[in-house]
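Q: First the structure, which I've put down as structure tokens, then a few questions once you've had a look.
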Amino acid sequence: MPRRRYWPRRESAMTSWLVAEDFDSSLPHCLDPATGEEQAFVKVGQALVDALHRRGADTTYPRTLPHRLRSAGLADVGASGHLVIYHGGSPEAVLQQANLDQVGPSLVDAGLVTAIDLQTAQRLLRDPAFIANHPLMITAWGRKPR
């Protein structure tokens, strides 16, 4: 799909299933922040979401997918969510670290987090005792009616 707002029309030539998915960033990046350091991690995660919003992203869009598919005339519409919970030092943490390496300095420059918050989040991502989560991945599907 070239644009998020594009949906097949009823007269579409689509003959099989359409699957659309995206991250919904409504959950904090640490579901149970028990320490001040974990709260700093949540702050950095929220700053990432805020930066996306400042650039025009709608991180709540995925939760509208089932309704949009149904409104587009698709049948057998369904959806599911998948939440990845990971430990520091894991491949999932390395992915989040890459995100912070790429945009972390701009979050500090924009005043969304402090340098200490960013350093804390980066350190936690290397700590195997740390537990965090990625945003909720919502997958929705539907098919052209027969």
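Q: Those residues that are assigned to a strand (DSSP E or B) and under 12 Å from Val44 (Cβ atoms), I need them from the range 93-142; list them, please.
A: Applying the first criterion (assigned to a strand (DSSP E or B)) to the range 93-142 yields 131-133, 136-142.
Listed by number, the list holds a single entry, Ala132.
Q: (1) touching a Lys or Arg at 6+ places or on another chain (Cβ under 9 Å); (2) under 24 Å from Pro91 (Cα atoms); (3) not in a strand (DSSP E or B): which one isn't true of Pro145, the others all being true?
A: Only one criterion in (1) touching a Lys or Arg at 6+ places or on another chain (Cβ under 9 Å); (2) under 24 Å from Pro91 (Cα atoms); (3) not in a strand (DSSP E or B) is unmet by Pro145, namely (2).
Q: So which residues in the range 80-107 are under 30 Å from Leu18 (Cβ atoms) and surrounded by 18 or more Cβ atoms within 10 Å (Cβ to Cβ), if there are any at all?
A: Tyr86, Gln96
Q: Quick one: what pairs do we get from the range 64-83, first residue under 28 Å from Asn133 (Cα atoms), second in a helix (DSSP H, G or I), C-beta under 6 Å, 6+ apart or different chains?
A: Close Cβ pairs (under 6 Å, with a partner that is in a helix (DSSP H, G or I)) amount to Val77/Pro66; Val77/Leu69; Val77/Arg70; Ala79/Pro66.
Values quoted throughout were computed directly from the atomic coordinates according to the rules given, and no laboratory measurement underlies them. Remember, predicted model here, so these are calculated numbers, not experimental data. Here Cβ is always computed from backbone atoms with ideal geometry, including for glycine, and neighbour counts include all displayed protein chains.
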